[in-house]
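Worksheet for the structure shown next.
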Amino acid sequence: MTASRFKEEHMLAIDGAEVRVVVRQPNYRRGERAPACALVFGEVADGALVRIHSRCLYGDVFGSQECDCAGQLHHAMELMRRRGGVLIYLDQEGRGAGLFAKARAYRMRQERGLDSFRSYEHYGYEPDPRRYTIAAELLEDLKLERVTLLTNNPDKVAGLEAHGIAVDRQPLVVPVSERAVPYLESKRARGHQFDAIPQLETQLGARPQAQPSG
């Protein structure tokens with residue numbers, strides 16, 4: 001384990017296992033506002049499983065049934081307990097716009113039926129301003145040049161590839177409640193890659209696909 005001005009490492013007991021934790025300071029000049037954390041399960045090498053997870057208070061902590069965030073987080077961790085890997089947890093609540101923006105978007109969705117992307121745009125927020133430079137730096141700290149990325153979001157793939165990390169994408173699909181289906185519809189309309197995933201097609205196929213705004 002190493003430490004520096006920009007990085008700290010320690011061990012953490014999780015479900016009876018010792019997991020390595022790496023925390024990297026944000027680069028405020030790049031607009032990053034919070035540290036990023038990586039949980040390292042076992043010894044990792046090129047090709048390791050990686051999940052980049054943006055914080056979701058409603059899902060990760062409160063157990064919301066209106067998104068797939070908690071399910072994705074828990075499933076990724078379970079895979080990594082068995083196979084090893086790196087979970088990168090980014091403090092990017094509300095796709096980077098923050099909790100207050102997320103709360104406003106929820107109210108707009110409930111009152112006017114707008115999806116989360118259009119709700120953000122209604123209030124003048126970017127629909128998804130997240131960046132993944134700090135995630136790439138954490139992977140570089142771990143000497144990983146090639147990863148198997150658990151994601152349905154092509155922006156995460158592009159974000160790592162822009163920093164020279166080769167990416168094999170592996171879909172990350174978890175069961176969702178009926179309340180979460182419109183949320184997944186809106187993500188698919190914005191380019192998230194659900195089109196070949198039977199678990200979601202069973203639910204999404206019965207509904208018209210949401211259309212991108214603009």
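The values are calculated or read from the model by the stated rules, or taken from the named source; none is laboratory data. Just so you know, these numbers come straight off a predicted model, no measurement behind them. Heads up, the Cβs are rebuilt from the backbone with ideal geometry, glycines too, and the neighbour counts pull from every protein chain shown.
Report, by residue number, each residue of the stretch 53-70 that is under 21 Å from P35 (Cβ atoms) and free of Cβ contacts under 8 Å to residues at least 40 places away in the same chain.
Step one: list which residues in the stretch 53-70 are under 21 Å from P35 (Cβ atoms), which gives 53-57, 59-61, 69.
Those that are under 21 Å from P35 (Cβ atoms) and free of Cβ contacts under 8 Å to residues at least 40 places away in the same chain: H53, R55, C56, G59, D60, V61, C69.
Table: residues versus (1) part of a loop (DSSP other than H, G, I, E, B); (2) within 27 Å of D141 (Cβ to Cβ).
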position	(1), (2)
H53	no, yes
G63	yes, no
M80	no, yes
E93	yes, yes
G96	yes, yes
A103	no, no
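In the stretch 105-115, the residue that is nearest to R20 (Cα to Cα) out of those that are part of a loop (DSSP other than H, G, I, E, B) and free of Cβ contacts under 8 Å to residues at least 12 places away in the same chain is L114.
A Cβ distance below 8 Å, combined with a sequence gap of six or more or placement on separate chains, defines the contacts here; from the stretch 1-15, residues that are over 18 Å from G42 (Cβ atoms) and at pLDDT below 95 reach residues that are polar (S, T, N, Q) and surrounded by 13 or more Cβ atoms within 10 Å (Cβ to Cβ) in the pairs R5/Q25; F6/Q25; K7/Q25.
Is it the case that the stretch 121-141 has a residue that's of a type in the set (D, E), outside any loop (DSSP other than H, G, I, E, B) and free of Cβ contacts under 8 Å to residues at least 12 places away in the same chain? Spell out the reasoning first.
Here is the first cut: in the stretch 121-141, the ones of a type in the set (D, E) are 121, 126, 128, 137, 140-141.
If we keep only those that are outside any loop (DSSP other than H, G, I, E, B) as well, we get 121, 137, 140-141.
Checking the rest, the ones that are also free of Cβ contacts under 8 Å to residues at least 12 places away in the same chain come to none.
No, the stretch 121-141 contains no residue that is of a type in the set (D, E), outside any loop (DSSP other than H, G, I, E, B) and free of Cβ contacts under 8 Å to residues at least 12 places away in the same chain.
Sub-7 Å Cβ pairs linking a first residue in the stretch 71-95 that is closer than 14 Å to V44 by Cα to a second residue that is among the β-branched types (V, I, T), at least 6 apart or interchain, are G84/V44; G85/V44; G85/V50; V86/V40; V86/V44; V86/V50; I88/V50; I88/I52, ordered by first then second residue.
Considering only residues of the stretch 120-135 that are in contact with a strand residue (DSSP E or B) (Cβ under 9 Å, 6 or more places away or on another chain) and not hydroxyl-bearing (S, T, Y), which is surrounded by the most Cβ atoms within 10 Å (Cβ to Cβ)? The selected residue is A135.
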